[in-house]
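The values are calculated or read from the model by the stated rules, or taken from the named source; none is laboratory data. In this text the structure is predicted, and so the values were computed from the model without any measurement. Please note: Cβ atoms are built from the backbone with ideal geometry, for glycine as well, and neighbour counts cover all protein chains shown.
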Amino acid sequence: MNYKKELSQQLFTILEGQLEAGELERLIEKPKHQDYGDLAFPCFTLAKTMRKSPNVIAQELSQKIKSPLFEKIEVVGAYLNFFLNKSKVSEQIISEILTQKDQFGAQDIGANRNVTIDMSSPNIAKPFSMGHLRSTVIGNALAKISEKCGYKPIKINHLGDWGTQFGKLITAYKLWGDAEKVKLNPIKELLTLYIKFHDEAENNPSLVDEGRGWFKKLEDGDKEALELWQWFRDESLKEFSRIYELMNVQFDSFNGEAFYNDKMDRVVQLLEEKELLVESDQAQVVELTEIELPPCLIKKSDGATLYATRDLAAAIYRKENYDFNLSLYVVGHEQSLHFKQLIAVLGKMGYEWSEKMVHVPFGMMLKDGKKMSTRKGKVVLLEEVLTESISMARHNIEEKNPNLANKDEVAKQVGVGAVMFHDLKNYRMNDIEFSLEEMLRFEGETGPYVQYTYARACSILRKAQWQPESGMPANHLTWDQEWKVVSLLLEFSNTIKRAFDNLDPSQVAKYIVDLAQAFNKYYGEVKILEENEEQQARLALVYSVTVVLKEGLRLLGIEAPEEM
Ligand code: ARG
């Protein structure tokens with residue numbers, strides 16, 4: 001049920017095509033204050049086409065609109081304010097939720113077409129950074145939101161598993177490495193070796209040459225080099241997998257940069273055929289002066305290919321293999337130039353689908369107002385953050401609900417959910433201040449607050465022994481006290497669509513906080529468990545709230561325990 005659509009259709013018929021239905025729908029507003037009704041339509045745009053004063057148009061329209069959905073239409077200046085018929089609308093939306101359950105809010109914008117989502121993409125032998133956490137969490141939510149909108153998401157982990165740093169790492173390992181240590185604690189050990197390489201190289205420049213040599217061997221397929229590389233990759237992935245398991249995130253592909261090694265000659269050849277490659281400082285580049293971008297580096301003087309070359313190959317591969325309708329890259333905003341160049345080069349190559357590629361940038365995670373960096377120990381290790389958060393959640397449960405049955409499971413759902421929600425509630429471009437205490441608070445705009453509200457609503461239903469099969473009961477309510485909650489339920493679909501259109505999961509996060517707050521207020525004002533004529537309808541509303549809170553959390557990749 002979509003009232004905006006319904007109203008815009010009516011206006012369209014009355015206006016006999018003065019404006020398109022879609023345009024009319026865009027003009028419909030939601031008044032800031034409920035005194036001005038539930039929907040508002042400003043007549044200024046029509047005034048231009050109809051050559052009449054907007055106030056007169058508003059008057060005329062108010063006489064012509066007839067719908068049982070509205071109990072009142074008020075004219076205020078150039079505005080038409082519509083007041084929905086509370087009981088009709090409430091009954092309708094709750095019945096819809098009762099029948100559709102977790103399908104409520106689903107839409108078919110995508111028509112089952114593919115969206116590839118390049119997300120997470122950490123670098124082998126380096127710690128999983130906060131940036132990778134943000135990419136994982138935002139990418140995962142966008143996958144679920146696009147799926148809810150009828151697309152088929154394909155989640156790709158474009159691992160950073162190739163590049164000159166592997167030459168350095170092999171050199172360091174051969175000089176100072178210890179296989180046992182690496183097996184015990186792969187990323188920590190490999191990072192130590194990598195840092196040592198840089199420290200030592202400051203006094204011993206020949207190390208750099210050696211590193212370059214090993215990378216060359218790697219590119220030429222030398223057996224020893226490849227075996228070491230494969231081993232580093234496997235061990236790193238094992239560690240990353242633990243994090244993905246904690247967060248319950250899965251991927252459709254782990255094809256990282258190395259996967260494109262044998263696919264780059266073709267890219268270079270295509271660029272040559274299209275006469276796009278030029279020489280600059282002994283390197284091969286594609287000039288982008290006409291759009292005022294620096295040239296895109298394709299091949300270095302020693303013939304080595306680069307990050308951008310691999311991304312070109314990857315984009316073409318994805319188009320050919322997944323025939324995407326949309327291709328998202330969830331990567332920090334510091335790589336904006338790279339993605340502008342990438343898309344521009346593909347455009348110059350004549351690929352119209354390059355317009356369907358979108359860089360989805362995000363801001364930084366800060367600690368005490370400063371950037372967290374992976375270099376020189378200033379890292380907050382993500383796995384530690386997650387385990388710390390889980391143990392704090394566990395501690396909370398011990399204090400508040402020591403008899404809970406599956407404490408470990410719930411602690412994981414709450415602890416991990418808290419970290420994810422803290423990220424997703426912010427518009428992605430904002431920098432976020434990292435704070436475990438903040439994340440785990442039970443009040444305010446937090447994951448645990450929404451989960452807690454969900455669990456509370458579930459417990460009401462349990463106490464009343466209410467089942468969705470009871471259906472929508474005979475209506476004895478005026479729905480006045482319920483209206484704030486109901487009007488939010490009405491907004492769920494639109495919120496999901498907006499989140500998809502703007503590639504912005506925070507729309508969903510903010511929405512479920514609003515719904516949780518409205519519900520808690522309602523719960524404080526109304527005795528839901530009191531048996532009376534109105535109780536069944538109220539319980540149906542409580543159930544509807546559980547459905548939407550749970551589904552909202554799910555769209556963010558967060559689980560909803562029924563008790564906590
Ligand atoms: N591994 C890169 C990094 O950590 C991110 C890769 C993003 N994806 C891509 N297709 N370039 O900075």
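Residue check: is A125 modelled with pLDDT under 95, away from the ligand (no atom under 11 Å from the Cβ), touching a Leu at 6+ places or on another chain (Cβ under 6 Å) and among the small types (G, A, S)? In short, yes. What about S146, is it in contact with a Pro (Cβ under 9 Å, 6 or more places away or on another chain) and within 30 Å of Q507 (Cα to Cα)? The answer is yes for S146.
In segment 454-479, how many residues are in a loop (DSSP other than H, G, I, E, B) and within 35 Å of the chain's Cα centre (by Cα)? Of the residues in segment 454-479, 5 are in a loop (DSSP other than H, G, I, E, B) and within 35 Å of the chain's Cα centre (by Cα).
Listed here are the residues, each with its yes/no results for (1) within 22 Å of N520 (Cβ to Cβ); (2) in a helix (DSSP H, G or I).
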residue	(1), (2)
A393	yes, yes
N396	yes, yes
E399	yes, yes
A405	no, no
E409	no, yes
K412	no, yes
G417	yes, yes
E443	yes, no
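Does L218 meet the test of being buried (at least 17 other Cβ atoms within 10 Å of the Cβ) and either away from the ligand (no atom under 16 Å from the Cβ) or not in a helix (DSSP H, G or I) (or both)? So L218 fits the description; yes. Of all residues in segment 194-209, those that are closer than 14 Å to K174 by Cα have Cβ atoms under 8 Å from Cβ atoms of residues that are aromatic (F, W, Y) and part of a helix (DSSP H, G or I), 6 or more apart or on another chain, in K196/W176; L207/F197. Any residue at all in segment 125-132 that's of a type in the set (K, R), in contact with a strand residue (DSSP E or B) (Cβ under 8 Å, 6 or more places away or on another chain) and outside any helix (DSSP H, G or I)? Scanning segment 125-132, I find at least one residue that is of a type in the set (K, R), in contact with a strand residue (DSSP E or B) (Cβ under 8 Å, 6 or more places away or on another chain) and outside any helix (DSSP H, G or I), so the answer is yes.
Answer yes or no: is there a residue in segment 143-155 that is within 14 Å of the ligand (Cβ to nearest atom), within 38 Å of the chain's Cα centre (by Cα) and surrounded by 14 or more Cβ atoms within 10 Å (Cβ to Cβ).
Going through segment 143-155, the residues within 14 Å of the ligand (Cβ to nearest atom) turn out to be 154-155.
When the remaining residues are screened for being within 38 Å of the chain's Cα centre (by Cα), the result is 154-155.
Subsequent filtering for residues that are surrounded by 14 or more Cβ atoms within 10 Å (Cβ to Cβ) retains 154-155.
Yes, the conditions are met somewhere in segment 143-155.
From the list I138, I117, the one residue that fits, being within 11 Å of the ligand (Cβ to nearest atom), among the hydrophobic types (A, V, I, L, M, F, W, C) and at pLDDT 95 or above, is I117. Given the criteria within 30 Å of H333 (Cα to Cα), under 19 Å from the mean Cα position of the chain (by Cα) and surrounded by 15 or more Cβ atoms within 10 Å (Cβ to Cβ), does L424 qualify? Yes: the conditions hold for L424. Just a yes or no: is a residue in segment 401-419 touching a residue at least 40 places away in the same chain (Cβ under 8 Å), among the small types (G, A, S) and more than 22 Å from R242 (Cα to Cα)? Checked against the condition, which is being touching a residue at least 40 places away in the same chain (Cβ under 8 Å), among the small types (G, A, S) and more than 22 Å from R242 (Cα to Cα), segment 401-419 yields at least one hit. Residue pairs whose Cβ atoms lie under 7 Å apart, separated by 6 or more positions or on different chains, with the first residue in segment 233-259 and surrounded by fewer than 18 Cβ atoms within 10 Å (Cβ to Cβ) and the second charged (D, E, K, R) and not in a helix (DSSP H, G or I), are D252/K155.
Listed here are the residues, each with its yes/no results for (1) buried (at least 18 other Cβ atoms within 10 Å of the Cβ); (2) of a type in the set (V, I, T); (3) at pLDDT below 95.
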| position | (1), (2), (3) |
| --- | --- |
| L24 | yes, no, yes |
| P42 | no, no, no |
| S62 | no, no, yes |
| K86 | yes, no, yes |
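Looking at segment 152-171, is at least one residue farther than 24 Å from F254 by Cα and modelled with pLDDT of 95 or more? Yes, segment 152-171 contains a residue that is farther than 24 Å from F254 by Cα and modelled with pLDDT of 95 or more. Counting only strands (runs of 3 or more DSSP E) that sit wholly inside segment 233-336, those with at least 1 residues that are within 14 Å of the ligand (Cβ to nearest atom), within 30 Å of V416 (Cα to Cα) and not charged (D, E, K, R) are 326-330. Cβ-Cβ contacts under 7 Å between residues 6 or more apart (or on different chains), taken from a first residue in segment 29-47 that is on the phi < 0 side of the Ramachandran plot to a second residue that is in a helix (DSSP H, G or I) and among the charged types (D, E, K, R), are listed as L39/K4.
Being touching a residue at least 60 places away in the same chain (Cβ under 8 Å) and within 16 Å of the ligand (Cβ to nearest atom) narrows it down to one residue among G105, G163, G110; which is it? The match here is G163.
The C-beta contact set for segment 118-138 (first residue under 20 Å from F324 (Cβ atoms), second residue within 8 Å of the ligand (Cβ to nearest atom) and small (G, A, S), distance under 6 angstrom, 6+ apart or interchain) comprises M119/S135; S120/S135. In segment 367-384, of all residues being surrounded by 15 or more Cβ atoms within 10 Å (Cβ to Cβ) and closer than 23 Å to Y329 by Cβ, the one that is modelled with the lowest pLDDT corresponds to T374.
Checked against the criterion of being farther than 18 Å from L237 by Cβ and crowded, with 20+ Cβ neighbours inside 10 Å, the candidates G139, G177, G167 yield just one match: G167.
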